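A short worksheet on the structure shown next.
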Amino acid sequence: MQTTGTPQSSTLDEQTVLRTRMNKIKHKIAIISGKGGVGKTVTAVNLAIALAMQGHENRVGLLDADLHGPCVPKMLGMEDQKLKVGPIGAFPATGPLGLKVASMAFVLEGKEVPVVWRGPLKMRAIEQFLSEVAWGELDFLLIDLPPGTGDEPLSVLKLLPEMDGVVIVTIPSEVSQTVVGKSITFSRQLKVPVIGIIENMSGFVCPDCGKVTYIFKTGGGEKVAQEYAVPFLGKIPLDPRVCEASDLGHPFVMENPDSPAAKAFLDIVEKIKAFVENKENTDS
């Protein structure tokens with residue numbers, strides 16, 4: 001996978017390889033957000049682990065498609081790993097519960113090396129992650145996309161017209177709510193279903209007295225879901241241990257399975273599974 005130079009257009013054979021790789025994956029879901037700072041990557045990591053915990057161990061993949069700021073490996077304690085190349089392509093790194101992970105962080109020469117690319121190079125890189133990585137047979141591939149509706153989200157949704165849908169992450173603040181509509185409209189324009197909206201950082205529960213403080217207000221995600229007639233998947237409470245676990249490279253939902261936040265992740269995963277299974281039955 002090249003990290004510098006001029007983008008090369010994909011050939012017919014490469015498109016065939018892409019389709020062959022993707023046909024081995026049952027469900028493909030993009031995790032998106034209208035803006036940064038809403039905990040989208042933390043959410044993607046914990047949703048992937050939650051899926052593995054609920055009957056899909058060794059059958060879940062996570063593509064870190066944030067080319068400029070890849071941090072999935074850090075959150076999974078996989079910073080020292082690299083993609084291994086073999087005769088059939090590159091092999092994803094393996095994380096907790098057999099999670100298959102691919103990230104730009106695995107191919108850069110160092111942590112401080114920036115990716116300074118324009119659109120065509122970024123689209124080509126994403127295509128390579130999908131077609132040149134030997135993902136194998138998976139039940140789910142989650143794709144963590146950078147905020148907004150730019151090159152990376154557009155590339156993924158164009159390359160994978162069979163995408164099961166997108167999950168949109170927001171926080172209760174009004175500023176975040178105003179851009180969620182853009183993500184919904186973007187998905188609808190590309191004819192990709194919106195699986196639902198997750199309201200992250202929804203209330204802080206004091207560990208001493210149990211009082212709930214709504215630092216970023218509450219109900220914003222549910223309000224937007226109702227306004228645009230899309231499913232609301234649930235609220236994830238604000239828990240300082242989520243940040244701590246991510247910094248240490250320990251998936252929160254594994255470390256604290258009985259916490260309100262972990263239970264919220266697990267409940268949301270059940271709703272996502274129900275959505276894709278219903279879609280599968282409807283399509284067939």
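The values are calculated or read from the model by the stated rules, or taken from the named source; none is laboratory data. What you see is a predicted model, and the numbers here were worked out from it, not measured in a lab. Note that we place each Cβ from the backbone using ideal geometry, even for glycine, and neighbour counts take in every protein chain shown.
Things to note:
- Scan of segment 6-41 for residues that are in contact with a helix residue (DSSP H, G or I) (Cβ under 8 Å, 6 or more places away or on another chain), at pLDDT below 85 and either on the phi > 0 side of the Ramachandran plot or of a type in the set (D, E, K, R) (or both), ordered by number: Glu14
- Residue match in segment 79-88 (condition: acidic (Asp, Glu) and crowded, with 17+ Cβ neighbours inside 10 Å): no
- Of the set (1) exposed (fewer than 15 other Cβ atoms within 10 Å of the Cβ); (2) within 17 Å of Lys35 (Cα to Cα); (3) of a type in the set (Ser, Thr, Tyr), all apply to Ser202 but (1).
- Failed item in (1) surrounded by 21 or more Cβ atoms within 10 Å (Cβ to Cβ); (2) without any contact (Cβ under 8 Å) to a residue 60 or more places away in the chain; (3) not hydroxyl-bearing (Ser, Thr, Tyr); (4) not in a loop (DSSP other than H, G, I, E, B), with Leu154 passing the rest: (1)
Conditions (1) modelled with pLDDT under 90; (2) of a type in the set (Val, Ile, Thr); (3) on the phi < 0 side of the Ramachandran plot, marked per residue:
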residue	(1), (2), (3)
Val116	yes, yes, yes
Pro120	yes, no, yes
Ala134	no, no, yes
Asp139	no, no, yes
Leu142	no, no, yes
Leu154	no, no, yes
Leu159	no, no, yes
Glu162	no, no, yes
Val169	no, yes, yes
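- Restricting attention to segment 217-228, the residues that are over 20 Å from the mean Cα position of the chain (by Cα) and either under 12 Å from Thr170 (Cα atoms) or not in a helix (DSSP H, G or I) (or both) total 7.
- Of all residues making up segment 249-259, the number that are loosely packed, with under 14 Cβ neighbours inside 10 Å and in a helix (DSSP H, G or I): 0
- In segment 229-246, residue surrounded by the fewest Cβ atoms within 10 Å (Cβ to Cβ) [restricted to those that are part of a helix (DSSP H, G or I) and among the charged types (D, E, K, R)]: Glu244
- The residues in segment 48-88 that are in a helix (DSSP H, G or I) and farther than 15 Å from Pro251 by Cβ can be counted, and the count is 1.
- Residue ID - surrounded by the fewest Cβ atoms within 10 Å (Cβ to Cβ), chosen from residues in segment 32-71 that are touching a Leu at 6+ places or on another chain (Cβ under 6 Å) and among the β-branched types (Val, Ile, Thr): Val60
- Of all residues making up segment 97-147, the number that are assigned to a loop (DSSP other than H, G, I, E, B) and either of a type in the set (A, V, I, L, M, F, W, C) or crowded, with 18+ Cβ neighbours inside 10 Å (or both): 13
- Test: residue in segment 182-194 that is part of a strand (DSSP E or B) and buried (at least 16 other Cβ atoms within 10 Å of the Cβ): yes
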